[in-house]
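K.L.:
Take a look at the following structure, please.
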Ligand SMILES: *Cc1c(COP(=O)(O)O)cnc(C)c1O
């Protein structure tokens with residue numbers, strides 16, 4: 001008889017696991033002391049696997065020493081780059097249980113399936129979708145977009161599309177600021193990126209007259225317009241389409257309305273005025289959103305929510321004999337999640353969301369979301385009040401996009417903003433990313449960070465100002481030019 005892979009000495013394993021848990025808790029408790037830093041070459045090289053066995057205790061020690069310290073830095077209170085969720089201590093609780101149970105949530109009849117249904121049902125109610133809706137948890141909004149647009153494609157072309165593939169040219173429509181995830185989904189579904197029409201945007205989101213004109217032109221050419229993708233919270237500037245008006249337009253044109261609400265859908269939990277940004281989201285045919293951004297749960301977890309369950313099921317269901325369901329027993333538990341997406345084996349992603357909601361409640365999560373919008377507004381006001389800085393776009397929700405010195409020519413501003421972003425990251429002061437507005441590379445903060453305080457905002461903007469002074473004073477600025485000590 002060979003050994004199992006279980007620990008040989010459970011008492012020793014218990015001590016090892018407790019030590020590791022303590023190290024994880026220490027790390028989270030001191031998150032403010034641990035900004036992102038580059039991974040040392042020796043550490044990177046040390047990850048290489050030889051295939052030799054080292055046992056639990058030695059492996060746990062390596063996890064603590066060599067893995068735990070080298071994260072993305074998105075647990076730090078001044079991390080605002082791209083759109084990163086910041087994690088929750090409750091994730092430690094759920095991930096231990098998820099690893100222990102080791103559920104496969106493709107289907108069958110067990111607890112985690114019911115946990116996932118509870119998470120989807122809670123979200124459905126928050127988003128105002130009807131009881132006819134169905135959902136499935138996926139890695140994130142990128143995958144959710146593929147699933148949602150596959151259902152839209154199925155509505156447009158019928159069941160033949162699953163057998164014969166695309167027999168007609170489909171066209172879809174989205175604002176110019178649409179996330180790349182939509183383009184990738186359109187490509188993957190065989191529709192082709194050129195058939196994703198970019199519609200100009202006004203202050204109120206997509207220009208609906210331009211949308212109608214584009215749809216008419218495509219119809220006249222014999223294409224089949226099938227979907228319009230609205231955005232609730234654009235990745236660049238935090239803009240929102242007017243979803244009520246977009247829903248009216250989609251209905252009038254007979255288009256499937258998909259909403260990318262990756263982070264912005266969660267303004268549903270925010271205080272006024274931010275809540276109203278996502279009004280009308282309840283009218284979408286499908287919605288993609290993330291829990292790992294603005295519900296802050298550990299990576300990864302998103303949701304594909306579809307208004308009418310039969311349309312969701314029809315796009316994916318296919319069960320060969322070896323997956324046949326049975327009424328009672330473990331093979332019961334219909335519906336199975338594998339019939340609502342592409343994954344058969346699936347982990348218990350729902351548990352970290354369920355644990356977060358149970359721990360903090362809708363009100364606690366909503367307060368953190370509103371706090372992030374307040375922090376972005378504070379950042380915007382501070383920028384506007386400063387001598388040289390200027391906003392590059394209005395602050396609408398939780399994003400602030402600005403330039404460190406609007407008095408410089410555009411080229412010089414772009415160079416300066418890029419250098420500041422890099423320098424503050426390397427110093428561990430704050431993480432801004434960059435984006436383009438009116439041809440200028442701007443600094444960009446997307447605040448999906450429940451650890452950010454007003455003092456963090458003030459300190460980071462002061463650091464930007466100081467860095468801008470130092471770099472412009474130095475002329476052609478090397479990154480290390482830094483005599484400023486006002487950086488916390
Ligand atoms: C992050 C994001 C996506 C992609 O979501 P993932 O969870 O990274 O797959 C799509 N749309 C918007 C607006 C986003 O912010």
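Quick note: the coordinates plus some simple rules give every number you see, no bench work behind them. Because the structure is predicted, anything quoted here is derived from the model rather than measured. Positions of Cβ are generated from backbone atoms using ideal geometry, with glycine treated the same way; all protein chains shown enter the neighbour counts.
K.L.:
From zero outward in steps of 10 Å, how is the percent of C-alpha pairs of the range 51-186 spread across the bins?
P.N.:
Here the calculated profile for the range 51-186 is 8, 22, 31, 24, 12, 3.
K.L.:
Among DSSP beta bridges lying fully in the chain, give the percent that are antiparallel, nearest 5. Write out the running numbers ahead of the final one.
P.N.:
Working: 24 of 42 bridges.
In the chain, DSSP labels about 55 percent of beta bridges as antiparallel.
K.L.:
Give the Rg/Rh ratio for the range 224-346, taking Rg as the radius of gyration of the Cα atoms and Rh as the Kirkwood radius, to two decimals.
P.N.:
Values: Rg = 17.2 Å, Rh = 16.3 Å.
That ratio is 1.05, to two decimals.
K.L.:
Which three lengths, in whole Å and largest first, does the range 152-209 cover when its Cα atoms are put on their principal axes?
P.N.:
That works out to 42, 21, 14 Å along the principal axes.
K.L.:
So what is the calculated 222 nm ellipticity per residue for the chain, using -39500 (n - 2.57) for each DSSP H run with n of 4 or more, over all residues, to the nearest 500 deg cm²/dmol? Provide the component values of the computation, followed by the final result.
P.N.:
Numbers: 14 runs with 200 residues, N = 488.
Using -39500 (n - 2.57) per qualifying helix, the result is -13500 deg cm²/dmol.
K.L.:
Additional query: Order these by the 10 Å Cβ neighbour count, fewest first: 313, 340, 322.
P.N.:
On the way: 313 15, 340 25, 322 5.
Fewest-to-most Cβ neighbours within 10 Å comes out as 322, 313, 340.
K.L.:
Normalised by the number of residues in the chain, what is the relative contact order in percent for Cα pairs under 8 Å and 6+ residues apart? List each step's numbers first, then the result.
P.N.:
On the way: 895 pairs, mean separation 96.2, N = 488.
Once divided by the residue count of the chain, the mean separation gives 20 percent.
K.L.:
Could you give log10 I(q)/I(0) at q = 0.09, 0.12, 0.13 Å⁻¹ for the chain, computed by the Debye formula over C-alpha point scatterers of equal weight, without solvent?
P.N.:
-0.70, -1.16, -1.28
K.L.:
Report P(r) for the range 15-116: all Cα-Cα distances, bin width 5 Å, range 0 to the bin holding the largest distance, values in whole percent.
P.N.:
It works out to 2, 10, 16, 18, 17, 17, 12, 7, 2, 0, in whole percents.
K.L.:
Separation of the range 135-189 and the range 335-392 by C-alpha centroid, Å?
P.N.:
If you average the Cα positions of each part, the centres end up 24 Å apart.
K.L.:
With the contact rule set at Cα under 8 Å and sequence spacing of 6 or more, what percent relative contact order holds for the range 204-361? List each step's numbers first, then the result.
P.N.:
Values: 210 pairs, mean separation 24.5, N = 158.
Reported as a whole number, the value is 15 percent.
K.L.:
Take the alpha carbon atoms of the range 26-52, find their center, do the same for the range 58-81, and report the distance between the two centers in whole angstrom.
P.N.:
6
K.L.:
In Å, the Kirkwood hydrodynamic radius of the range 139-248 over pairs of distinct alpha carbons? List each step's numbers first, then the result.
P.N.:
On the way: mean 1/r = 0.0699 Å⁻¹.
One decimal place: 14.3 Å for the Kirkwood radius.
K.L.:
What's the exposure ranking of 307, 14, going from fewest to most Cβ atoms within 10 Å?
P.N.:
On the way: 307 21, 14 11.
The fewest-first ordering by Cβ neighbours comes to 14, 307.
K.L.:
Highest mean first, how do 455-468, 292-305, 99-112 rank when packing is the count of other Cβ atoms within 10 Å averaged over residues?
P.N.:
Numbers: 455-468: 21.4, 292-305: 25.1, 99-112: 16.1.
The most tightly packed comes first, giving 292-305, 455-468, 99-112.
K.L.:
A follow-up question, please. Any idea what log10 I(q)/I(0) is at q = 0.14, 0.16, 0.18 Å⁻¹ for the range 324-367, Debye with uniform C-alpha scatterers and no solvent?
P.N.:
Relative scattering, expressed as log10 I(q)/I(0), comes to -0.54, -0.64, -0.72.
K.L.:
For a quick size check, give me the Cα extents of the range 289-381 along its three principal axes, largest first, whole Å.
P.N.:
Computed over the range 289-381, the largest-to-smallest principal extents equal 61, 26, 21 Å.
K.L.:
Determine the principal axes of the Cα atoms in the range 351-435, then give the extent along each, sorted from largest to smallest and rounded to whole angstroms.
P.N.:
51, 27, 18
K.L.:
I need the per residue convex hull volume for the range 331-488, using only the alpha carbons, in cubic angstrom as a whole number. Display every interim value, and only then the final one.
P.N.:
On the way: hull volume 26.9 nm³, N = 158.
It comes to 170 Å³ per residue, whole-number rounded.
K.L.:
Right, something else. Express in whole angstrom the spacing between the alpha-carbon centres of the range 267-333 and the range 192-209.
P.N.:
Using only Cα atoms to place each centre, the spacing works out to 25 Å.
K.L.:
Counting pairs of alpha carbon atoms under 8 Å apart in space and at least six apart in sequence, what relative contact order in percent does the range 127-249 give? Spell out each step's value before the answer.
P.N.:
Numbers: 144 pairs, mean separation 32.7, N = 123.
Answer for the range 127-249 is 27 percent.
K.L.:
Just rank 96, 379, fewest to most, by other beta-carbon atoms within 10 angstrom.
P.N.:
Numbers: 96 13, 379 28.
Ranking 96, 379 by Cβ neighbours within 10 Å, fewest first, gives 96, 379.
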